[in-house]
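The values are calculated or read from the model by the stated rules, or taken from the named source; none is laboratory data. These numbers come from a predicted model, not from an experiment. Heads up, the Cβs are rebuilt from the backbone with ideal geometry, glycines too, and the neighbour counts pull from every protein chain shown. Note: accessible area is taken over every heavy atom of the protein model, side chains too, but ligands, DNA and RNA are not part of it. Shrake-Rupley method; radii C 1.70, N 1.55, O 1.52, S 1.80 Å.
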Amino acid sequence: MLKFVSLLLALSCCQGLHHNNIDDYVEAEPVFQASKYGSLWPLPQKVQISEVSFKLSSASFRIVDAKASSAGPSCSLLQSAYRRYYEYMFGSAKKQWGSKNNRRSDPSDLTELQVWITSPDSECDGYPSVTSDESYELTVNQPVAVLKAPTVWGALHGLETFSQLVSEDEYGAKSINATIINDFPRFQHRGILLDSSRHFLPIKVILSNLETMAMNKINVFHWHIVDEQSFPYLSRTFPQLSEQGAYHPYTHVYTPADVKMVIEFARLRGIRVVPEFDTPGHTQSWGKGQKDLLTPCYSGSKPSGSFGPVNPILNTTYDFMAKFFTEISTVFPDGYIHLGGDEVDFTCWKSNPDIQKFMEQQHFGEDYSKLESFYIQKLLDIVASTKKGYLVWQEVFDNGVKLKADTLIHVWKGNQEQYHNEMASVTASGYQTLLSTPWYLNRISYGQDWQGFYKADPQDFKGTDEQKKLVIGGEACLWGEYVDATNLTPRLWPRASAVAERLWSAKNVTDIDDAFNRLSLHRCRMVERGIPAEPLFSSYCLHEYKGV
Ligand SMILES: *[C@@H]1O[C@H](CO)[C@@H](O)[C@H](O)[C@H]1NC(C)=O
Ligand SMILES: *[C@@H]1O[C@H](CO)[C@@H](O)[C@H](O)[C@H]1NC(C)=O
Ligand SMILES: *[C@@H]1O[C@H](CO)[C@@H](O)[C@H](O)[C@H]1NC(C)=O
């Protein structure tokens, strides 16, 4: 009865033959077995699945608003989610068999899922935020299944979970077991960073990955939208930034309408869009369209013709930043903006005589991190005046910049010991933090590297309970030097799914064999939904990827 029962199954007899000469690859491959949790991913906090099973028929099954729900038919967010999940559950069956196969319902069928939003404010027309209540309760039983959630954000997660409980037999018939689920995320911030500067990412790829994020209960799209290489963001205030700084001024830009579409598509799936505009380093592309923004580097006593980080000693720099971030704060509705602040190279600043003079005047000595702090503090004041909160990469904290108490510190550097120490010292200083170091998915290697991502836990550093509470989650990062629309999706999925479960499920959900069994099926489900998620290991899916 279980979907993909015959999903096969690592043939352990033959492994050595092909892998002989790969020395650093020693872990034994897991063998697929059906999990008692079926294909649920990420695993809910509390699950009870019984052996009682109901049939579901596409002809009779409906997802409807519960009578008492605070979100009625006017909540288009839910209505479009109902259609989407109906299509996920029955779409391929219809295409495969035609409407003839829609067998008549019989009394033992489950015919209804009622969705009941319990808070007076369903948040249907709002945006998800870091404090959104994402919890839900799902009861699958006769005569109806009920999904209860305080807000639409929990309901979206519950619909995904419901769809994951539906299984298919070899004739395409659908069924679902009686189940009780009580679920909520372990961490509030569960993100994925995509980089649209090293390579331009067409909107279609971004949207299909937002779709996939929702299947994994990821709730933050960290849009690393610009960097040294290109500036594809079309600014209304400073259109010359993308005219000069994008790879192509018309075909490789995100127009205001594009950005709006991404934000709304994400909202409908409970996903926040947090844009990153990284300064003062990583800004070569900004300099092309904005004269005097970057520091002229010197070779001896003459300008060399090349440019370094943002010029922190000119008033015009701050006038520009104030106008620019005022625009950003209105274009992106989320409460946070990521301000970067990583990897500032001081060589160019050191070479410039005006900067040297400024350093003297300010009594900074030879300590250029003081100059960086000078810049960042002014920038933080500018952004704070737009009423946004901000995230910064860890260097900003490491360099001792004075920060607002509610700044989020994004940890990305070092080996395990180093990032544990960093998390400990960031939280000891009272700042909230999120982790990315173990989740640089752009780094690839042979074999099942998802297991390493799965084992990393953002709270496994030495610290008090109070410190652990300051960890709000983490992000998987897929930097774009070697990634564009051709390989982004299979490189990201299902590897990012491992991070998704670590950030959603309870801390003690660590059984790697059970994870393999569920993730194998979850990956096949993503494939069935048209997402080219790469395989974990030798096996097959009932519905293979058919290309585009
Ligand atoms: C669902 O019920 C069937 C029996 O009807 C049982 O074989 C199967 O293991 C159950 N599935 C799960 C995930 O518990
Ligand atoms: C920059 O602004 C500061 C503070 O408003 C002012 O004192 C200074 O004279 C300005 N510098 C220039 C070169 O305009
Ligand atoms: C995790 O801990 C909870 C509560 O302590 C317990 O009920 C549950 O069975 C544990 N789950 C696993 C997978 O060990």
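Using a 1.4 Å probe and counting only protein heavy atoms, arrange Arg186, Arg443 so the residue with the most accessible area comes first. Display every interim value, and only then the final one.
On the way: Arg186 55, Arg443 150 Å².
My answer, sorted largest first, is Arg443, Arg186.
Do the sum for the chain: with -39,500 (n - 2.57) for every DSSP H run of n ≥ 4, divided by all residues, what is the mean residue ellipticity at 222 nm, to the nearest 500 deg cm²/dmol?
-10000 deg cm²/dmol
For a quick protection proxy, order the peptides 369-380, 189-200, 216-227 by their average other-Cβ count within 10 Å, most packed first.
Numbers: 369-380: 19.6, 189-200: 24.0, 216-227: 25.8.
Packing order, densest peptide first, comes out as 216-227, 189-200, 369-380.
What ranking do 432-440, 461-469 get when scored by the average of other Cβ atoms within 10 Å per residue, highest first?
432-440, 461-469
Given a 1.4 Å probe and every protein chain left where it sits, what share in percent of the accessible area of region 452-548 is carbon and sulfur?
Working: 2060 of 3810 Å².
Carbon-and-sulfur percentage of accessible area, whole number: 54.
When all protein chains stay in place, what accessible area (Å², nearest 10, 1.4 Å probe) is found for Asp342?
Its heavy atoms expose roughly 10 Å² to the probe.
From the residues Phe453, Pro275, Thr464, which one has its Cα farthest along the dipole of the chain in the positive direction, the dipole being from +1 and -1 charges on Cβ of Lys/Arg and Asp/Glu about the Cα centre?
Value: Pro275.
Run the 1.4 Å probe and let me know the accessible area of Glu170, rounded to the nearest 10 Å².
Ignoring ligands and nucleic acids, Glu170 comes out at about 150 Å².
Could you check how much of the accessible area of region 337-390 is carbon and sulfur, as a whole percent, using a 1.4 Å probe? If you can, show how the numbers build up before the last one.
Details: 1180 of 2510 Å².
The C+S portion of the solvent-accessible surface of region 337-390 is 47 percent.
Show His248, His338, His282 ordered by accessible area, largest first, where the area counts protein heavy atoms only and the probe is 1.4 Å.
His248, His282, His338
Would you check the accessible area of Thr131, probe 1.4 Å, heavy atoms only, in square angstrom rounded to 10?
The accessible area comes out at roughly 110 Å².
List, in the order given, every pair from Lys404/Lys468; Lys148/Lys204; Lys46/Lys174; Lys402/Lys469 whose Cα-Cα distance in the structure shown is over 26 Å. Don't skip to the answer; put the middle values down first.
Details: Lys404/Lys468 20 Å; Lys148/Lys204 32 Å; Lys46/Lys174 24 Å; Lys402/Lys469 22 Å.
Among Lys404/Lys468; Lys148/Lys204; Lys46/Lys174; Lys402/Lys469, the Cα-Cα distance tops 26 Å for Lys148/Lys204.
Tyr318 label point, 7 Å along Cα→Cβ, cut-off 11 Å on backbone N: hits in region 363-394?
374-382
Using only alpha carbon pairs under 8 Å that are at least six residues apart, calculate the relative contact order of the chain and give it in whole percent. Write out the running numbers ahead of the final one.
Numbers: 1056 pairs, mean separation 86.6, N = 548.
After rounding, I find 16 percent.
Could I have the simple spin-label model distance between Ser304 and Ser50, label points 7 Å from Cα toward Cβ, reported in nm to one decimal?
According to this spin-label approximation, the distance is 7.3 nm.
Return one whole number: the accessible area per residue of the chain in Å², for a 1.4 Å probe.
43
Quick one: order Glu228, Glu87 from most to least accessible surface, probe 1.4 Å.
Details: Glu228 60, Glu87 85 Å².
These residues rank, largest area first, as Glu87, Glu228.
Per 0.36 nm of contour for each residue apart, how much would the distance between Gln240 and Lys387 grow if the chain were fully extended, relative to their Cα-Cα spacing? Intermediate values should be presented prior to the final figure.
Numbers: separation 147, 0.36 × 147 = 52.92 nm, distance 2.64 nm.
Once the chain is fully extended between Gln240 and Lys387, it gains 50.3 nm.
What per residue convex hull volume, in Å³, do the alpha-carbon atoms of the chain yield? It would help to have the intermediate numbers written out before the result.
Working: hull volume 91.2 nm³, N = 548.
Looking at the chain, the number lands at 166 Å³ per residue.
Skipping prolines and chain starts, which residues have an amide H placed within reach, meaning under 5 Å, of the one on Arg272, given they are 5 or more residues away or on another chain?
Under 5 Å from the amide H of Arg272: Val220, Phe221.
If you put +1 on each Lys and Arg Cβ and -1 on each Asp and Glu Cβ, how big is the dipole of the chain around its Cα centre, in Debye rounded to 20?
Details: 52 positive and 63 negative charges, 308 e Å.
Computed charge dipole of the chain: roughly 1480 debye.
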